[in-house]
Amino acid sequence: MIAFHAGLPVPGGFIGVDVFFAISGFVITQMLLTELDRTGSIDLLRFYGRRAKRLLPALAVMVGSVALLATLAAPAASQWATGRTGIAASLFGANIELSNRQAGYFDVGASLDPFLHTWTLAVEEQFYLFFPVVLLVGWYAGRRLRLSRAVVTAGVLATCVCSLAISFLLSGGGLVADADFAGRLAFYAAPARAWEFGAGALVALLAPLAVRLSPSARAVLGIGGIAAVGLAAGRAEANELLPVLGSCVLLAAGCGATLGVGRALSLRPVVWVGDRSYSLYLWHWPLIVFAGALWPGARWAAPFAAVVSVVPAWLSYRYVENPTRFNPRLVGRRVVVLAAACVGIPVLASGALLLATGALGRTGQMETWKRGAALHADVVRGCDRSATVDVRRCTWSVPGSVGNVVLYGDSNAGQFTEPVARAANRAGLDFTVTTYSSCPPVGLRVERVSGELGACPGFGLQTLQRLISSRPSLVVIAARTDKYLEDSSIGLAASGGLMTHDPAAKARLWQRALSAMLERLDAAGVPVLLVHPVPSVPPMPEQCAVLRILLERCGSSAPRDAADERLARAIRVEREAVTGAPTARALDLTDVLCPDRLCVSSRAGIPIYRDAQHLSVDGALELTDLFSRAIRAHARSS
């Protein structure tokens, strides 16, 4: 997981979370079963006290320290989110806070939050708040029949089945009307993740059976488990089943046996890292985020920060974790006082970050940056991420209108809301915007690492039908086509087809879907202006640390050749689709945005880009005259 976060070539490194959950379920269940076998009960207060001593002090030190550092070192775009997540993390509710945001775990906005990783700790603790009670009840229920372990096993199995069903239903857009929110719940919510802990718990419960396996059988299981986890780590597609299954098979293979894997894990360097794994987990991600914000675009920043995180992790382990974890005097009320302090102090620090953010936001440099970071009107008016259009909010009308222009697509269409609205109104036309961030306008199914975006096909189909029936004067379509095609973590599929992550295969799918859409609009007499993706200008402006913004060192640029190379496949696919529709035209903005063979993020101190892939409101408005000419040339006269 640390290697994945550091940007090293581990496409499926995110499966470390799934492996951790399974192992955690195994270890905690083994510990509780040992107590049940020995005493016939579980001392719940002692259990929760041990968890508090083990987890809270190190977490409190990390959250408090990072909140203070974040005042200047955090990306400016994430400061408010950082303060809120810091408070939630201190209360073991980071997953709840994150699931209620618009951005998913792998979206740019979320990845700038230095407390993003604490969602896993929140899920773990929420599960273990209830699991010992469930285990204890099951044990008591089966004790009279001397079937305690069997009853508990059946209960855990039933919990796993229910949790897995919840996960699948949420991932498919079920249970919750908002498909995007459902996807975030499937990723972050403890009920949707409980089956992963439960799978590890089942291995612990069935350990007596695994012990009876022959050495050769355990060796085969070990090899199979390693292969499953390795295969999952090498794939960019989301698949929790494979790494969890592989981890459980490995755990079963290790029950009562001394395998080669076990001997490898007992090596001193591995043990050293394992002992400090919790502190490494806590510290690596905030430092990676800070490094990326202080040195945006530097490829060495994330790996360097990951290595440097060993220092605070060691200090935390040596002077925080062990002294509190193994202190025999920390019992009873003292544990309660410790827990209260470990919650209160980081909450105050995170609150102080929010206050500091408000104060810094009033400086001239931050005001200029905030102007560039302002949301576009499609989002502000609530016209984004909705399958239906509220005409009152999403239409810019003019007296005596002679027609209307519709802007349609993902957030890369939304970035043109201001200039297209202004250009359409100048031409005496009403303007309507309908966008859905992260959904391609061509009606394809979309899969990201966090799951499939179930709302996308429906949004595309409904919008196309509405455009055909209403027959606007012109439809302006735009999307981040290059990202959908080139990003291996994004999968595309036609309705009922197989998901593919191959760029060439995705390009063929995109061209067929786009051609079919343009042909249907052409047959309905609806002209189309297809806007090619704008060049990317990394590093991301929203990634800049507050310190860089205050020092006015947040601008960036990229050579035109790099932009052309990135966009080549997308533009070729879009041009070929436009060729088959007589009333469709393509518009390329690269020459305007990249004069003198250089693409820049700001001009004369004014941010042109909102982030690496989207124009700011000011940058977009510079295109108003260009859109005016295009609309006058291609809009159908009434």
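Some notes on this structure:
- Per-residue extension of 0.36 nm, minus the Cα-Cα distance of ARG268 and PHE304, leaves a gain of 10.6 nm for this segment.
- Order of exposure, largest accessible area first, which applies to PHE115, PHE127, PHE304 with probe 1.4 Å: PHE304, PHE127, PHE115
- Kirkwood analysis of the Cα pair distances in segment 422-465 returns a hydrodynamic radius of 12.1 Å.
- Solvent-accessible area of the chain (1.4 angstrom probe, protein heavy atoms only): carbon and sulfur portion equals 64 percent.
- For segment 263-333, the equivalent ellipsoid built from the Cα gyration tensor has semi-axes of 29, 18, 7 Å, listed from largest to smallest.
- Rg and Dmax over the alpha-carbon atoms of segment 272-430 stand at 25.8, 82 Å.
- Degrees between helix 364-373 axis and first principal axis of the chain (Cα, 0 to 90, nearest 10): 80 degrees
- Residue range of the chain that is longest and free of trypsin sites (Lys or Arg not before Pro) which are both DSSP loop and sparsely packed (at most 13 other C-beta within 10 Å): 363-552
- Estimated FRET transfer efficiency when R0 is 30 angstrom, pair ARG572-LEU498 (beta carbons, to 0.05): 0.80
- Quarter of Cα convex hull surface for the chain, i.e. mean projection, nm²: 30.7 nm²
- Peptide ranges 202-211, 62-71 listed from the most packed, as the mean C-beta count within 10 angstrom indicates: 62-71, 202-211
- Cα-Cα separations in segment 285-325 greater than 17 Å, expressed as whole percent: 38 percent
- Semi-axis lengths, largest first, of the ellipsoid equivalent to segment 31-152 are 39, 16, 8 Å, with √(5λ) applied to each eigenvalue of the Cα gyration tensor.
- On Cα atoms only, tilt of 79-90 relative to the major axis of the chain in degrees: 20 degrees
- Partners for LYS506 among aspartates and glutamates (Cα-Cα distance below 18 Å; same-chain residues under 8 apart left out): GLU237, ASP410, GLU447, GLU452, ASP482, GLU486, ASP487, GLU565, GLU574, GLU576
- Based on Cα contacts under 8 Å between residues 6+ apart, the chain shows a relative contact order of 16 percent.
- Net length gained if the chain between VAL27 and ARG632 were fully extended (0.36 nm per residue, minus Cα distance): 211.0 nm
- GLN462 versus LEU375: modelled label distance in nm, points set 7 Å from Cα along the beta carbon direction: 1.9 nm
- Only alpha carbons enter this Debye calculation for segment 120-194, each as an equal point scatterer, and the log10 of I(q)/I(0) it gives at q = 0.20, 0.27 Å⁻¹ is -0.83, -1.10.
- Taking every DSSP beta bridge that has both ends in the chain, the antiparallel portion is near 45%.
- Surface analysis of the chain yields an accessible area of 43 Å² per residue, using protein heavy atoms and a 1.4 Å probe.
- Backbone N under 14 Å from the ARG512 label point (7 Å along Cα→Cβ), restricted to segment 477-495: 492-495
- Alpha carbon Rg of segment 473-512, scaled by the compact-globule rule 2.2 N^0.38 Å: 1.29
- For segment 125-198, a simple Cβ point-charge model (Lys and Arg +1, Asp and Glu -1, everything else neutral) yields a dipole of about 560 debye relative to the Cα centre.
- In the chain, taking the dipole from charged Cβ atoms about the Cα centre, the farthest positive-side position among ALA22, SER438, ILE42 is held by ILE42.
- Segment 484-638: Cα Rg divided by the 2.2 N^0.38 Å rule of thumb: 1.20
- Relative contact order computed over segment 1-84 (Cα-Cα under 8 Å; 6+ residues apart), in percent: 12 percent
- For segment 574-638, the ratio of Cα radius of gyration to the globular rule of thumb 2.2 N^0.38 Å stands at 1.35.
- ARG38 paired with PHE130, simple spin-label distance in nm, labels 7 Å along Cα-to-beta-carbon: 2.9 nm
- Computed FRET value (nearest 0.05) for VAL161 with ALA141, which takes r as the C-beta separation and R₀ as 22 Å: 0.75
- Helix 179-188 vs. the chain, principal-axis angle (Cα, 0 to 90°, nearest 10): 30 degrees
- Taking all protein chains together and a 1.4 Å probe, the residues PHE431, PHE130 rank PHE130, PHE431 from largest to smallest accessible area.
- In angstrom, the C-alpha Rg and Dmax of segment 416-520 are 14.9, 45.
- When the Cα gyration tensor is reduced to axis lengths a ≥ b ≥ c, the ratio a/c is 1.5 or higher for segment 33-91, and with a/b above b/c it is classed as prolate.
- Average projection area in nm² (convex hull over Cα atoms of segment 336-393, one quarter of hull surface): 7.3 nm²
- Net charge of Cβ neighbours under 14 Å - reference LEU598; Lys, Arg +1; Asp, Glu -1: -1
- Modelled this way, with points 7 Å down the Cα-to-C-beta line, the labels at LEU354 and ARG520 are 4.6 nm from one another.
- Hydrodynamic radius of segment 397-473 by the Kirkwood approach over all distinct alpha-carbon pairs: 13.4 Å.
- Sites VAL398 and ASP178, calculated FRET efficiency, Cβ-Cβ separation with R0 25 Å, nearest 0.05: 0.15
- Dipole orientation for segment 522-638: of the candidates HIS634, PRO539, ALA604, HIS634 has the Cα lying most toward the positive pole (charges on Cβ; Lys, Arg +1; Asp, Glu -1).
- The accessible area of THR120, taken with all protein chains in place and a 1.4 Å probe, comes to roughly 10 Å².
The values are calculated or read from the model by the stated rules, or taken from the named source; none is laboratory data. All values reported here derive from a predicted model rather than from experimental measurement. Note: ideal-geometry Cβ built from the backbone for every residue, glycine included; neighbour counts use all protein chains shown. Note: areas computed on protein heavy atoms with side chains; ligands, DNA, RNA excluded. Shrake-Rupley method; radii C 1.70, N 1.55, O 1.52, S 1.80 Å.
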